[in-house]
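Inspection log for the structure reproduced underneath, given as structure tokens.
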Amino acid sequence: MDMQAAKKKLGLKERYAVMTRGLDWTPSYQKMEDIYPYVAYEGIKIHDWDKWEDPFRLTMDAYWKYQAEKERKLYAIIDAFNQNNGHLNVTDARYINAVKLFISGISPLEYVAHRGFAHAGRAFPGPGPRVACLMQSIDEIRHAQTQVHSISNYNKYYNGMHDFHHAHDRVWFLSVPKSFFDDALTAGPFEFMVAIGFSFEYVLTNLLFVPFVSGAAYNGDMGTMTFGFSAQSDEARHMTLGLEVIKFILEQDPANVPIVQRWIDKWTWRGYRVLTLVAMMMDYMLPKRTMSWKEAWEIYFEENGGALFKDLARYGITMPKCAGQIALEKDHLSHQAWSTFYNYAAAANFHTWMPDDDEMKWLASKYPDSFDKLYRPRYRFWREQAAKGNRFYSKTLPMLCQVCQIPMVFTEPGEPTKTCYREVDYRDDKYHFCSDHCKKIFEDEPEKYTQAWLPVHQIYQGNCFPEGSDPTAEGFDPLAEVLKFYNLEHGRDNLDFEISEDRKNFAEWRGQATRNI
Amino acid sequence: MQIDLRTVSIKPLRHTFDNIARRIGADKPASRYQEGTLDMQQEANYHYRPTWDPDHLIYDRDRTAIRMADWYSFKDPRQYYYGAYTMARAKQQDTAEANFDFVENRGLAATLPDEIRDTVLALLIPLRHVAWGANMNNAAVCAYGYGTAFTQPCIYHAMDQLGIAQYLTRVGLLLGDVASLDAAKQAWMEDDTWQGLRRYVEDTLVLRDPFELFVAQNVALDGLLYPLVYETIIDDVLSAKGGTPVAMLTQFMTDWHAETRKWIDATVKTAAAESAGNKTVLADWIVQWRDRAAAALLPVSRIALGERADELTTEIVQQFNARMAKAGVPL
Ligand SMILES: [Fe+2]
Ligand SMILES: [Fe+2]
């Protein structure tokens, strides 16, 4: 009894330490390098894993409790949304194309994050980071699943999402997000953490997640909004992990600084190129806009990110060099992207359209230096052509950047009427790039980026036609065959919004709700 | 204008995603387990080889000797997707918390006979390291296995094992103090009793075949350890000697084992039923790891069972063999 009374209560930090690090031991029957084989080859030096500061202290009992509570609420809302035909509450059916982009471009990445953090959560010799990574791993499968479950109902009523897993592995523009995450997952565990934990989750998350979630909120999409907000509380943990990782690595050894700097430069650019899709979503696909891409970049990267990099300056880390070019592109990015998708609407799994007059006005007010001069005339021309029955769908294939895999549609920094091309000769081949930054990434690791599965090359090599099709047969229609390979239904999943089944159905279903039958 | 959308009755264009419809038929809605599991892992056109394992694709069927025509033949009988999993565990956690409260509030730990308390500390607390190894191993199976149907339950299992290591830590702190944790760790590192088991765990930490790792950890080691320690020693032998409060503190583990073995058995059964080749590989692994696990657990079980250790361990092995035969792998 006395012993019990004298027992000293552990402080929170000590208690968490015995619940995690205290479980670990130094092995003697097997060598450390055999148990943790992936931790040395990147050249990052860690002298003392005990210096790791746990970014949050969550034991499993508390984790289950909090998360189950969140799941209960989330699924109750999803159920209600589904039962009440909540999809008919969105501003207009064009909005649903943002959902298609999300489920086929982003949700599969949540899954890869889950596997990637399981890998990192096994790979580090430090017990602190292992536990933190595993918690993120299980959170990420949550994100993947809650997104699929929320969007499942949209898939029942609208086109383009019906085979999103299949599409993610094949459709040309989806190789942009896919190759981004494949790149991170195939990097070493430290680079993965800098790429995803820090650059993606900490620096860029507000430019990815927030636009979709607030876009959903503005456009009456309760389902997407709810999983978004529910995931935000997990994100808070992920962000603190991302920041702790970077500080920990930098504090361990000065030789780590240049390696980390290269990774930050690379992953900021890689992430930014993926955000091209978000930029056009914000400026063109939301019937009710939240803010422009340019405003978002200025607030979330230039202001918030600027403060962050000022903070990291004490470690010798500087603002990624690409920030200068991104600033020059911010007046153009979303317009160039939307123009591209407008052209390639026959080969995509969502609809595109030309902005109406009010929307053009909004764009002009948000982009006073570029819209009226460069993009409005283009759109006016396309609108006129469409009115005459000449809605243009490009049927030729674009050249892709070897690294970011975006068609080479971007313009020279500071010269918005001149397309930017870069190339490198490597071994016996020529490789093409959208920018100096993608080119630099290639030159640092050519062996990696020559492996890229470039959708256009693959189509030309005949690898993207359904089995049994014969490209030499008379009347062979390559685009039609590629669509079959993508499992996209021509006339339903693709083409202009104006002529889409989505538009027609949505109008009819909403009509039923507003009329007395 | 407020529109009452509930009154609208519209016919859906489709019941679920195509990948699910291809598997279950297009005429019915899919469950959340199915939509959250089937084909979730990327299947094709990976862009780069892992720099940490250039001989394999990102997700690669060839990391294991087990061959499956379709890795989505595996089904978790509990149908756990994240939401179902966390809600189930939160409920068990409520019970565990109530049990800990009950024991703490009534000072039941102090009423334990010294002999029982010492036995429990000596036996249970080093097992937190075993659970920690199981956490790492299941993280590895999840990371390097193929197909979400097989890998998904492993991340849940990994987190469960972390939870178990933490419950065991709490038992140590309740019946003893931080010094008891240290003493148990020292025993784990140095005492002969524990060296066979520690070697077993460390040897599994270097296994590269994710399915063999699944067998060594979840099938063989835990398949003997849980029935031996939680069902036989704690719920039976020690309870009879006044150790019931301990059984309350480890109820989570007993219930958890009863639940998770359904998934483990289903996994073995599906892999074995796939081909004679799989069955042979599985039988080889299971026999090899079972024998090592039984030998490693014997000195540990002596802590509580003394002379009866051999007899009861043999009994547990026989039960284990029967269980495997039922799962399609007669040993
Ligand atoms: Fe996420
Ligand atoms: Fe590029």
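The values are calculated or read from the model by the stated rules, or taken from the named source; none is laboratory data. A quick note: this is a predicted structure, and the numbers were derived from the prediction, not measured. FYI the Cβ positions are ideal-geometry reconstructions off the backbone, even for glycines, and counts take in every protein chain you see. Accessible surface is based on the protein model in full, side chains and every heavy atom, while ligands, DNA and RNA are left aside. Shrake-Rupley method; radii C 1.70, N 1.55, O 1.52, S 1.80 Å.
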Relative to the compact globular guide of 2.2 N^0.38 Å, what is the alpha carbon radius of gyration of chain B, as a ratio? 1.12
Just give the residues from the range A:468-517 buried by at least 20 square angstrom of accessible area in the all-chains context relative to the isolated chain, probe 1.4 Å, and say none if nothing qualifies. A:Arg492, A:Trp509, A:Arg510, A:Gln512, A:Ala513, A:Thr514
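In whole percent, what relative contact order does the range B:80-326 give with Cα contacts below 8 Å and a gap of six or more residues? Walk me through the numbers before you get to the answer.
Details: 237 pairs, mean separation 61.4, N = 247.
About 25 percent, as a whole number.
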With each pseudo-label sitting 7 Å past Cα toward Cβ, what's the A:Asp444-A:Leu328 distance in nm, one decimal? 2.0
Find the Cα radius of gyration of the protein assembly as shown, compare it with 2.2 N^0.38 Å by division, and give the number to two decimals. 1.00
In order over the range B:33-46: 3J(HN,Hα) from phi, Karplus 6.51/-1.76/1.60, θ = phi - 60°, whole Hz, x for each Gly or Pro, gives 4, 5, 5, x, 10, 4, 6, 5, 6, 4, 10, 8, 6, 5
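Evaluate E = 1/(1 + (r/R0)^6) for A:Asp477 and A:Ala386, where r is the Cβ-Cβ distance and R0 equals 35 Å; express this FRET efficiency to the nearest 0.05. Could the numbers behind the result be given before it?
On the way: r = 23 Å, r/R0 = 0.65.
Efficiency for this residue pair is about 0.95.
Efficiency by 1/(1 + (r/R0)^6): what FRET value for B:Ala98 and A:His47, r their Cβ-Cβ distance, R0 = 56 Å, to the nearest 0.05? The partial results should precede the final answer.
Working: r = 45 Å, r/R0 = 0.80.
Given R0 = 56 Å and the Cβ-Cβ separation, E is 0.80.
Taking every residue in B:287-298, how many Cβ atoms of other protein chains lie within 10 Å of its Cβ, on average? Spell out each step's value before the answer.
On the way: counts 0, 0, 0, 0, 0, 0, 0, 0, 0, 0, 0, 0.
Mean shielding by partner chains, rounded to a whole number: 0.
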Apply 1/(1 + (r/R0)^6) to the Cβ-Cβ distance of A:Glu467 and B:Ala273, taking R0 = 22 Å, and write down the FRET efficiency to the nearest 0.05. 0.15
To the nearest 20 Debye, how big is the dipole of chain B about its Cα centre, given +1 on the beta carbon of each Lys and Arg and -1 on that of each Asp and Glu? 1160
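Need one value for A:83-91: mean number of C-beta atoms belonging to other chains within 10 Å of its residues' C-beta atoms.
For peptide A:83-91, the averaged partner shielding equals 3.
Which length gain, in nm to one decimal place, applies between B:Ile10 and B:Asp255 when the Cα-Cα distance is subtracted from 0.36 nm times their residue separation?
On the way: separation 245, 0.36 × 245 = 88.20 nm, distance 4.47 nm.
Full extension of this stretch gives 83.7 nm more.
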Which Cα, out of B:Pro113, B:Leu213, B:Ala266, lies furthest along the positive dipole direction of the range B:80-326 (beta carbon charges, K/R +1, D/E -1)? B:Ala266
At a Cα cut-off below 20 Å, give the lysines reachable from B:Lys91, other chains included and same-chain residues fewer than 8 away excluded. A:Lys65, A:Lys70, A:Lys73, B:Lys262
Total charge dipole magnitude, the protein assembly as shown, about the Cα centre, Cβ charges on Lys, Arg, Asp, Glu only, Debye to nearest 20: 1620
Could you pull out the pairs from A:Lys100/A:Lys439; A:Lys504/B:Lys11; A:Lys100/A:Lys321; A:Lys395/A:Lys448; A:Lys178/A:Lys266 whose alpha carbons sit more than 22 Å apart here? A:Lys100/A:Lys439; A:Lys100/A:Lys321; A:Lys395/A:Lys448
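Is the range B:1-132 best put as rounded, prolate or oblate by its Cα gyration tensor, with a ≥ b ≥ c the root eigenvalues, rounded for a/c under 1.5, and otherwise prolate when a/b is larger than b/c, oblate when not? It would help to have the intermediate numbers written out before the result.
Values: a/c = 3.33, a/b = 1.46, b/c = 2.27.
Since a/c reaches 1.5 but b/c is at least a/b, the shape of the range B:1-132 is classed as oblate.
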